[in-house]
Amino acid sequence: MTTRNDGDSNSGRWPFRDLSMDAETTVTMNQRMIGQLLRRETKAANLPAWQSKSLISLGIEVTQSREANAGVSLREAAKRSGLDPAFLAILEAGKAVPEEITPEVLRALARGVKAKTSDLKSAMYGEEAKVPGRTRLEKVIDILILWWRSCPGFLGRRVNRRRRSRRKRS
């Protein structure tokens, strides 16, 4: 069995697979995955919360697409996409780092899990992925609208109080 060592995983191929992975054992794949997780531990811990959440959202979308659309195992999805199965496991767990998620990786993911690239981007970036080139003011307005929608009780209580007071007067 030919396996690649962890040094090879950073040789410009990561997160893409090579042919030696077809014969590797699960133990070997897990060792490579753990090595990658240890190398990125500090970087992942220092990500802003929004970026960490977007990577988790991407992982969830990839997992759901792999299971629902493609109906394949993680190893088979990695083979179809041309990505390293250890990377795919890391990504599905929400532990990828932003620089790994390139347009080329997103296209490979979409191919491997039978998803649209736009759906993966949307999962990762939310509404901003659908409308490119938004100004800061538009983004702030969108955030305010989302906030207002998430707590309609505040506005609803004020409107209901006015209605009740008018009914009592009548």
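The values are calculated or read from the model by the stated rules, or taken from the named source; none is laboratory data. Since we're looking at a predicted model, the values are computed, not measured. Cβ coordinates were reconstructed from backbone atoms using ideal geometry, including for glycine residues, and neighbour counts include every protein chain displayed.
Details
- Ser170 at pLDDT 60 or above, among the hydroxyl-bearing types (Ser, Thr, Tyr), surrounded by fewer than 10 Cβ atoms within 10 Å (Cβ to Cβ) and outside the structural domain of Ser57 (by TED's automatic domain parsing): no
- Qualifying residues in the range 65-89 (those that are in contact (Cβ under 8 Å) with a residue 12 or more places away in the chain, part of a helix (DSSP H, G or I) and among the small types (Gly, Ala, Ser)) - the one nearest to Ser118 (Cα to Cα): Ser65
- Any hit, the range 39-51, residues being in contact with a Phe, Trp or Tyr (Cβ under 8 Å, 6 or more places away or on another chain), outside any loop (DSSP other than H, G, I, E, B), assigned by TED's automatic domain parsing to the domain that holds Glu99 and touching a residue at least 40 places away in the same chain (Cβ under 8 Å): no
- Qualifying residue in the range 33-52 (condition: over 20 Å from Arg107 (Cβ atoms) and modelled with pLDDT of 90 or more): no
- Scanning the range 75-119 for residues that are touching a strand residue (DSSP E or B) at 6+ places or on another chain (Cβ under 9 Å), over 21 Å from Gly35 (Cα atoms) and surrounded by fewer than 19 Cβ atoms within 10 Å (Cβ to Cβ) yields a single hit, Glu104.
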